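*Asks:* One structure coming up, written as structure tokens, with questions to follow.
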Amino acid sequence: SQTIHQWPATLVQPVGSPLSLECTVEGTSNPNLYWYRQAAGRGLQLLFYSIGIDQISSEVPQNLSASRPQDRQFILSSKKLLLSDSGFYLCAWSQSYEQYFGPGTRLTVT
Amino acid sequence: AQTVTQSQPEMSVQEAETVTLSCTYDTSESDYYLFWYKQPPSRQMILVIRQEAYKQQNATENRFSVNFQKAAKSFSLKISDSQLGDAAMYFCAYRTFNPHYNTDKLIFGTGTRLQVFP
């Protein structure tokens, strides 16, 4: 069966520091991968999606970037965090019409 | 562009009773998928139920069922025999598919917080 992992689970970072969040999927190959952000009390906003290695599309211009160095690995990064980057970050995978989510990372920028 | 609206920020239900959560959407597409996701306090998004727009029959998964009204662009979730474990945020989502880029995107509503009282 397929599983999706995210780490770290929680992260507290100062403004201006770099960021790296990792997502990996097991039990499947060539999935579509997604990064979403959920602000407090809000719905999910799609940030990036990827249909393959080094194939990344950005949905919202922002302070973040994404990379997919391996088929089942998706990384969300930032060179300098802003206060507005705080939120809950969810990774998801898909191979048909359903998306399945990881456990998420709670990021607090101080 | 597609939009998803959940007009009920909060709902409550007594244990063992039935509750209906509302969702409306706007689209010009004729074929699409709709989903309900549950987000418990752990915040992991859990797929509850899906509906294919080309199917007239409403989807059912155990105690969860939908009322899909394509012409009205309405997609409500009914939870029967509510349990304490059903307490969570519920999100309605619309899937838009781009065959040119071979990808699909979920557009989410703002969610409905469901409380279940014993």
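The values are calculated or read from the model by the stated rules, or taken from the named source; none is laboratory data. Just so we're clear, the structure is a prediction, and the values are computed from it rather than from any experiment. Don't worry about glycine lacking a Cβ; one is built from the backbone with ideal geometry, like all the others, and counts go over all protein chains shown.
*Asks:* What number of residues within the stretch A:16-50 are under 20 Å from residue A:83 (Cα atoms), in contact with a Leu (Cβ under 8 Å, 6 or more places away or on another chain) and either surrounded by fewer than 13 Cβ atoms within 10 Å (Cβ to Cβ) or hydroxyl-bearing (Ser, Thr, Tyr) (or both)?
*Replies:* Number satisfying all stated conditions: 5.
*Asks:* Shifting gears a bit: Suppose we keep only residues that are exposed (fewer than 13 other Cβ atoms within 10 Å of the Cβ) and of a type in the set (A, V, I, L, M) within the stretch A:1-14. Which one would you say is nearest to residue A:28 (Cα to Cα)?
*Replies:* Out of the qualifying residues, it is A:9.
Okay, residues lined up against (1) touching a residue at least 60 places away in the same chain (Cβ under 8 Å); (2) closer than 28 Å to residue A:47 by Cβ; (3) of a type outside the set (Lys, Arg):
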site	(1), (2), (3)
B:7	no, yes, yes
B:10	yes, yes, yes
B:32	yes, yes, yes
B:40	no, yes, yes
B:73	no, yes, no
B:80	yes, no, yes
B:83	yes, no, yes
B:88	no, yes, yes
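*Asks:* Could you check, for the stretch A:36-43, whether at least one of its residues is modelled with pLDDT of 90 or more and aliphatic (A, V, I, L, M)?
*Replies:* Among the residues of the stretch A:36-43, not one is modelled with pLDDT of 90 or more and aliphatic (A, V, I, L, M), which makes the answer no.
*Asks:* Still on this model: Which of the residues spanning the stretch A:21-57 are in contact with a His (Cβ under 9 Å, 6 or more places away or on another chain) and closer than 21 Å to residue A:96 by Cβ?
*Replies:* A:23, A:24, A:25, A:26
*Asks:* Go through (1) in a strand (DSSP E or B); (2) over 17 Å from residue A:6 (Cα atoms); (3) touching a residue at least 24 places away in the same chain (Cβ under 8 Å) for residue A:29 and report which single condition fails.
*Replies:* (1)
*Asks:* On the given criteria, is residue B:26 free of Cβ contacts under 8 Å to residues at least 60 places away in the same chain, within 10 Å of chain A (Cβ to nearest Cβ) and in contact with a Ser or Thr (Cβ under 8 Å, 6 or more places away or on another chain)?
*Replies:* So residue B:26 fails the test.
Residues are listed down the side, and each one gets a yes or a no for (1) hydrophobic (A, V, I, L, M, F, W, C); (2) farther than 16 Å from residue B:106 by Cα; (3) in a strand (DSSP E or B):
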residue: A:34; (1), (2), (3): no, no, yes
residue: A:89; (1), (2), (3): no, no, yes
residue: A:92; (1), (2), (3): yes, no, yes
residue: A:96; (1), (2), (3): no, no, no
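*Asks:* Can you tell me how many residues in the stretch A:56-70 are away from chain B (no Cβ under 14 Å) and surrounded by 14 or more Cβ atoms within 10 Å (Cβ to Cβ)? Talk me through it step by step, then tell me what you get.
*Replies:* We begin by selecting, within the stretch A:56-70, every residue away from chain B (no Cβ under 14 Å); these are A:61-65, A:67, A:69-70.
If we keep only those that are surrounded by 14 or more Cβ atoms within 10 Å (Cβ to Cβ) too, we end up with A:62, A:64-65, A:67.
Result for the stretch A:56-70: 4.
*Asks:* Which of the residues belonging to the stretch B:50-78 are within 12 Å of residue B:90 (Cβ to Cβ) and surrounded by fewer than 20 Cβ atoms within 10 Å (Cβ to Cβ)?
*Replies:* Scanning the stretch B:50-78 gives B:64, B:76, B:78.
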